[in-house]
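So the structure is just underneath, and the comments pick up after that.
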Amino acid sequence: MLKPQSSRTRELNNLDGLWKFKVDVDRSAEAERWFSARLDTELEAPVPASYNDIFTDAAIRDHVGWVYYQREVRVPRGWADERVFVRIDAATHAGRVYVNDSLVAEHIGGYTPFEADVTDLVTAGEEFRLTVAVNNELTNETIPPGTITVAADGRRQQKYMHDFYNYAGLPRSVYLYSVPAVHVGDVTVTTDVDGSTGIVGYTISTVGDADVRVSIHDAAGALVGEATGATGTVSIDGVTLWQPGAAYLYDFTAEAVIDGHLVDSYTLAVGVRTVEVRGAEFLINGAPFYFTGFGKHEDSAVRGKGHDNAYLVHDFQLMEWIGANSFRTSHYPYAEEVMDFADRHGIVVIDETAAVGLNLAMGGGIFGGIQQPTFSPATINDATQAAHAQAIRELIARDKNHACVVMWSIANEPSSSEAGAREYFEPLATLTRELDPTRPITFVNVMFATYQNDLISDLFDVMCLNRYYGWYVDTGDLASAEIHLEAELRGWAEKYGKPIIMTEYGADTQPGLHSIFDAPWTEEYQSAYLEMNHRVFDRIDEFVGEQVWNFADFQTSNGIFRVDGNKKGVFTRDRRPKAAAHALRARWTRRAN
Ligand code: GCB
């Protein structure tokens, strides 16, 4: 799905700002349809932002169900002959879009975009009322899953099997955009390298009949290749590759043409690079790549998961400062601005779906839910699997053209040693490979699924492991942790012979807390814990990467496990370094040099 843009033939209006906001507290909206008139409310909510931390009313923060955003939108007067679309970058976790009182789009999945052609319902030069309903409910059949329970006093409550707070609302931009009636529908680009020649393969679909021509310009604006036809290849002689830490992007322009006249033009930034897993190596452009960096979250005070360009740029600055070359979009697809920025700045991304918490045994135990079998008709079932397949389709449809994306992660910490895991995951692994044969695939393995009992790891290219030896096990005992960690990692290496990335290892740390002993929660302990892990990683040949949990402290749901959030950040929630940041910087910048 193409990100909307302004081009020679397209126009784009950003609808961010303050929208009227109303919570469906008494669940009357569907029956009474009060949202199809002007919302009767004093509240205004910022877009983009999660709504939860904006208001002081706990009933809004804890609401389970629908909320309504509304604003008036004027269609530019020059758009009379254009197709007009409303595009929602994300509605977490389900959205419905109404133009005046007509439902024009419905979407499930909180982190991928959707849109509606509203041409027949709007008039150039006139206003219309745009209402977006957003639902934050998670069930056994959503991705991520969750359970709604009823409290002793009758309040509905949302339970879920992941620790990060269930922020909801419109956390990314909303657009009104125009395209010509006949236009470029989709663009798929793949890249390869032959000696010093870059090979860009492409497939363009059009809406309506048109001829297709494509052209590629280098970063200086010089034409370096062109072709005609809806699919083909373009060669770039003397190509400059997209490299980790040294991004280089070409402008790939797809044009729809009728009788020699341009009707639509869409330009995509394309980095030419290859990715391959060979034996126990992860190769980018044929050279072994070692991931350094983090599992992140889209999370900041007040905004929740609201996209913010200031945090975007600052986070990437901090990643550069610390010597990180990569991150994982734990545990859901991030805003497209993040992916574009990673493309432009040469940061490598492991791109993950929102399938976090397919683990009812563990999640139930830790996060207060009910402990049940994970895979069963009453729990994670065929409908969940269908939603998961859709989440994979939408992630790849959105992010397939990003040079920064080197691997798809289809789930975080599922119960991969439990009966039913293979039946659930095998079709999803196959689907991912069918949708994108060019990138390796992975899932992120939980500590309970060891190399002895895990049922699905052979379906994937890279072993991504989350391990907390020295934190959740061998707490405060780094000597034992070192022995146990090494024994387990050697087991994985010997059994599979595939590349291994530690996608999570980390220790909660209260900044300002100090000790000369191995005392959990102190700044010294976080550093010592990371150092212990690094000693082990460096002894294992199959190791191709380390991503610390987490880049920054982040908000979690209520519970006795967390004190004002998860504190495993190397930076605080407001992005100040803990002592470990300096230790990581020393290691990662040394490695880069
Ligand atoms: C994990 C999860 C991550 C948690 C982390 C923790 O294994 O993947 O979402 O935040 O552990 O800190 O417990």
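Please treat every number below as a calculation from the coordinates, not as lab data. These numbers come from a predicted model, not from an experiment. Note: ideal-geometry Cβ built from the backbone for every residue, glycine included; neighbour counts use all protein chains shown.
Some observations on this one:
- The residue among HIS93, TYR424, VAL263 whose Cα reaches farthest toward the positive pole of the charge dipole of the chain, with charges on the beta-carbon of Lys, Arg, Asp and Glu, is HIS93.
- In the chain, the C-alpha radius of gyration followed by the widest Cα-Cα span (Dmax) gives 24.2, 77 angstrom.
- In the chain, helices alone account for a calculated mean residue ellipticity at 222 nm of -6500 deg cm²/dmol, with every DSSP H run of four or more residues adding -39,500 (n - 2.57).
- Within the chain, antiparallel bridges make up roughly 75 percent of the DSSP beta bridges whose residues both belong there.
- For the range 183-273, share of DSSP beta bridges that run antiparallel, in % to the nearest 5: 100 percent
- Local electrostatic count, ARG278, Cβ distance below 11 Å [Lys/Arg +1, Asp/Glu -1]: -2
- Unit charges on C-beta of K, R, D, E only; dipole of the range 141-247, Debye: 680 debye
- Close Lys-Lys pairs in the chain, where close means Cα under 19 Å and separation is 8 or more or interchain: 10
- A simple spin-label model places the labels of GLU72 and ARG591 5.6 nm from each other, with each point 7 Å out along Cα-to-Cβ.
- Averaged over residues, the count of other Cβ atoms within 10 Å places the peptides 279-289, 24-34 in the sequence 279-289, 24-34, highest first.
- Difference of contour (0.36 nm per residue) and Cα-Cα distance, HIS261 to TYR472: 69.5 nm
- Length gained on full extension, ARG155 to HIS345: 63.7 nm, using 0.36 nm per residue less the C-alpha separation.
- Here r is the Cβ-Cβ distance between GLN317 and SER480 and R0 is 51 Å; the resulting FRET efficiency, rounded to 0.05, is 0.85.
- Rounded to the nearest 20, the size of the Cβ-charge dipole of the chain about its Cα centre is 860 debye, with Lys and Arg at +1 and Asp and Glu at -1.
- A simple count of charges around TYR290, restricted to other residues whose Cβ falls under 9 Å of its Cβ and scoring Lys, Arg +1 and Asp, Glu -1, yields 0.
- The range 390-480, dipole about Cα centre (Lys/Arg Cβ +1, Asp/Glu Cβ -1), debye to the nearest 20: 320 debye
- Peptides 191-197, 240-246 ranked from most to least packed give 240-246, 191-197, packing being the mean of other C-beta atoms within 10 angstrom over each peptide's residues.
- The Cα atoms of the range 276-592 give a gyration tensor whose axes a ≥ b ≥ c have a/c under 1.5, which makes the shape rounded.
- Extension gain (nm, one decimal) between SER102 and ALA220, 0.36 nm per residue minus Cα-Cα: 37.8 nm
- Other residues lying with their Cβ under 9 Å from the Cβ of PHE375 contribute a combined charge of -2, Lys and Arg counting +1, Asp and Glu -1.
- In terms of packing, defined here as the mean over residues of other Cβ atoms within 10 angstrom, the peptides 60-66, 565-571, 183-189 line up highest first as 565-571, 183-189, 60-66.
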